[in-house]
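Enquirer: Here it is, the structure in full.
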Amino acid sequence: MTDILMIDDDVEFVQMMREYLEPEGFIVTSAHNYDSGLQAARQHQHALIVLDVMLPGGSGFDLLRTLRKESKIPVLLLTGRGEAIDRIVGLEIGADDYLPKPADPRELTARIRAILRRTEKDAPEEPKDDWIRIGEIALSAGRREIRCNDQLVEATAFEFNILEYLLRHLGKIVPREELAEAALGRKLGMLDRSIDVHLIRLRKKLAACGADERIKAVRGSGYIFTGVPGDGENG
């Protein structure tokens, strides 16, 4: 059984999701306001958090910002207002994925499973030397670790997956849809810019060591990780 924390003030919605998720192999713990949600999240007993943007006592965005300073736990954001800016802001501050409300229980379950598949950490106690090293960047799949000029890069699970996939396809243009399926575990919907937002955040983190220019957007095609900074086509 996998423990999921739902932070949402809509008690009926949480109960409906619990009734669907529990037969699917999940234990659903719930909190219904900002303070109790943050307290529950800080207990580090959950595999994933489903977080509503609108909460009594504070914003789900603020809760996520606070949590990201302390934890890398996967977070699926529920955006009730359905506005694109909510989804973009959520991804920029560290959400792993988002889903507009009212959410379909089947889609919520599928998104949760996709996130968990991509964030499992089954590294052995003594990982072998599986580092991929290209220029300033070094990445270990076993350790789930990224280093840039020997400095540790704090990346979310999806940012790690994106970089790993691009590194393993060095010098090749990877279509957005292929990258989304490999890194996010799902297909992109219409007007879905989540993969682009994750890439923007990743590039900002790599900018600290001057490696952001290795990731190029190729207009109308996808993304490419180049062996030499400045190579490739700008989008």
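The values are calculated or read from the model by the stated rules, or taken from the named source; none is laboratory data. Owing to the predicted nature of the structure, the values given are computational and were not obtained by experimental measurement. Every residue, glycine among them, receives a Cβ derived from its backbone with ideal geometry; neighbour counts consider all protein chains shown.
Here's the yes/no breakdown for (1) more than 24 Å from residue 68 (Cβ to Cβ); (2) under 15 Å from the mean Cα position of the chain (by Cα); (3) not assigned by TED's automatic domain parsing to the domain that holds residue 206:
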site: 149; (1), (2), (3): no, no, no
site: 165; (1), (2), (3): no, yes, no
site: 172; (1), (2), (3): yes, no, no
site: 179; (1), (2), (3): no, yes, no
site: 192; (1), (2), (3): no, yes, no
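Enquirer: Looking at the range 146-162, which of its residues are touching a residue at least 60 places away in the same chain (Cβ under 8 Å) and closer than 18 Å to residue 225 by Cα?
Expert: The answer is 148, 149, 158.
Enquirer: Could you list, in sequence order, all residues of the range 172-203 that are touching a residue at least 60 places away in the same chain (Cβ under 8 Å) and touching a Phe, Trp or Tyr at 6+ places or on another chain (Cβ under 8 Å)?
Expert: 183, 184, 194, 198
Enquirer: Those residues that are outside any helix (DSSP H, G or I) and under 15 Å from the mean Cα position of the chain (by Cα), I need them from the range 41-68; list them, please.
Expert: 47, 48, 49, 50, 51 - these are the residues of the range 41-68 that are outside any helix (DSSP H, G or I) and under 15 Å from the mean Cα position of the chain (by Cα).
Enquirer: Please find, within the range 1-35, the residue that is surrounded by the fewest Cβ atoms within 10 Å (Cβ to Cβ) out of those that are part of a helix (DSSP H, G or I) and acidic (Asp, Glu).
Expert: Among them, the one singled out is 12.
Enquirer: Also, I was wondering about something else. For the range 206-216, state whether one or more residues are in contact with a strand residue (DSSP E or B) (Cβ under 7 Å, 6 or more places away or on another chain), without any contact (Cβ under 8 Å) to a residue 24 or more places away in the chain and not hydrophobic (A, V, I, L, M, F, W, C).
Expert: Looking for residues that are in contact with a strand residue (DSSP E or B) (Cβ under 7 Å, 6 or more places away or on another chain), without any contact (Cβ under 8 Å) to a residue 24 or more places away in the chain and not hydrophobic (A, V, I, L, M, F, W, C), one finds at least one in the range 206-216, hence yes.
Enquirer: Considering 179, 191, 202, 206, which residue is surrounded by fewer than 18 Cβ atoms within 10 Å (Cβ to Cβ), of a type in the set (A, V, I, L, M, F, W, C) and outside any strand (DSSP E or B)?
Expert: That would be 191, the only listed residue that is surrounded by fewer than 18 Cβ atoms within 10 Å (Cβ to Cβ), of a type in the set (A, V, I, L, M, F, W, C) and outside any strand (DSSP E or B).
Enquirer: Related question: Scanning the range 180-209 for residues that are β-branched (Val, Ile, Thr) and in contact with a helix residue (DSSP H, G or I) (Cβ under 6 Å, 6 or more places away or on another chain), which turns out farthest from residue 85 (Cα to Cα)?
Expert: Looking at residues that are β-branched (Val, Ile, Thr) and in contact with a helix residue (DSSP H, G or I) (Cβ under 6 Å, 6 or more places away or on another chain), I get 195.
Enquirer: Please work out if residue 162 is β-branched (Val, Ile, Thr), in a helix (DSSP H, G or I) and buried (at least 18 other Cβ atoms within 10 Å of the Cβ).
Expert: For residue 162, the condition - β-branched (Val, Ile, Thr), in a helix (DSSP H, G or I) and buried (at least 18 other Cβ atoms within 10 Å of the Cβ) - is met.
Enquirer: While we're on this one: Would you say residue 38 is in a helix (DSSP H, G or I) and buried (at least 17 other Cβ atoms within 10 Å of the Cβ)?
Expert: yes
Enquirer: Restricted to the range 94-110, and to residues that are of a type in the set (A, V, I, L, M, F, W, C) and buried (at least 17 other Cβ atoms within 10 Å of the Cβ), which residue is farthest from residue 162 (Cα to Cα)?
Expert: By that ranking, first place goes to 103.
Enquirer: Could I ask something else about it? How many residues, within the range 55-99, are of a type in the set (D, E, K, R) and in contact with a Leu (Cβ under 7 Å, 6 or more places away or on another chain)?
Expert: Qualifying residue count for the region: 2.
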